[in-house]
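Encoded as structure tokens, the structure appears first; notes follow it.
Read the figures in this text as sums done on the coordinates, not as results from a lab. Being a predicted model, the structure only gives us computed values, none of them experimental. Cβ placement follows ideal geometry from the backbone for every residue including glycine, while neighbour counts extend to all protein chains displayed.
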Amino acid sequence: MRLLSLRHHNRYLFLLLTALLPINATAAEQQASINDYKLTQLAKPMPAPDFKLLDMDEDTHTLKQYRGKVVLINFWGTWCPPCIREMPSLEKLYLKLKGKPFVMLAINQWEDEERVFEFMGQLKTIPTFPILFDPDSKVSAAFGVKGLPSSYILDKQGRVVYRATGGRDFAHPEIEAKIKSLF
Amino acid sequence: MTRTILCFFSLLMASCIAMSAEQRSKNPDSGPSKWTMNEQGFSLELVQVNADYARAVFFARGLPTDVVEEISRYCMFGTIVKNRTKSPVSYRLPEWRVRTGGGVEHKFKLKSEWIKEWSAKGVGFRWLLLADAQTFDEGDWMQGFTTIALKPGEKFDLSYSWSREGKTYNHEIKGMQCAPVKPATP
């Protein structure tokens, strides 16, 4: 992609911006609002669009391969402060539900492995769940994502049951309980 | 630049703090002003974004120079919209109006309009800008840039609306201002 070459000219700015994000995350965690754990339950579960994306290790993930498990899909970008703020809570939830029929997929928008890898090094809490790449934003478009972050929780049949527009505290017991109710 | 970015993020973070109906604040170091409204459970926050910051943010996304230069010429605000009620709240940016001196009305340049222009140039980027219209359920919120074709430092009144449970609410913020041109440092 011709645009990618331009990105290398901005390494300094990128590092500057990403270096500031942990500061933001700490302050934001202290200012968590009362509704930041609320999820919208769809009146009728909707089949989620299938996808085939690569992760940081260039392994392929399809949504279909996770049928039979509850899936949390999080759309995010390194430039998006609320995406970064909710990342530690996603990791906390992921670790808490490890071993359960649960999968977490963080689908990065527009960026490449090099940028995201560099960014991860700046985080206080490095995610251990799979980071997938949606470089042309086709998967987010198929989900109808209008802004970042946006998250979707799918039941074992691959249907969207819950969604959240904007950042959330995914470590909140209410969210954990909602996910467990789908096991 | 570092100070500008720090101050901008600080202003955005402050949005989580409980708000009264209308507030205006100004960062004494970097200068960006912020307008905060909380009416009928609809929360709106607008933070001035100067051209240098806009240029840096869009350029860092790898967008072509002509695209970056074009959008950084616009009057830009970091905009946060939140639903603070239990029932769905909707906004429609195409219905919002800006009134400058002499009562001249302006519309926002919408995300869909930018995306159309970028697509024609082969640029598939569709982030950073606030969506044209959205419905937020309980706990939902979103932030993004909004743009108006006004000059740096230009003053205006903003008329905006939102709807909840079939009722449309209107509000006006008087005396808003686009980010001024950053003064040259000696």
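Residues considered: A:Q122, A:Q109. Of these, the only one that is within 11 Å of the chain's Cα centre (by Cα) and not aliphatic (A, V, I, L, M) is A:Q109. Scan the range A:135-183 for residues that are closer than 16 Å to A:K38 by Cα, of a type in the set (K, R) and not in a loop (DSSP other than H, G, I, E, B) and the total you get is 3.
No other residue among B:T147, B:T168, B:T135 is among the β-branched types (V, I, T) and buried (at least 21 other Cβ atoms within 10 Å of the Cβ) apart from B:T147.
In the set (1) free of Cβ contacts under 8 Å to residues at least 60 places away in the same chain; (2) within 12 Å of another protein chain (Cβ to nearest Cβ); (3) surrounded by 15 or more Cβ atoms within 10 Å (Cβ to Cβ), the condition left unmet by B:G122 is number (3). Within the range A:153-168, the set of residues being crowded, with 23+ Cβ neighbours inside 10 Å and more than 22 Å from A:G99 (Cβ to Cβ) comprises A:A164, A:T165, A:G166, A:G167, A:R168.
Scan the range A:152-174 for residues that are away from every other protein chain (no Cβ under 12 Å) and either without any contact (Cβ under 8 Å) to a residue 60 or more places away in the chain or more than 16 Å from the chain's Cα centre (by Cα) (or both) and the total you get is 7.
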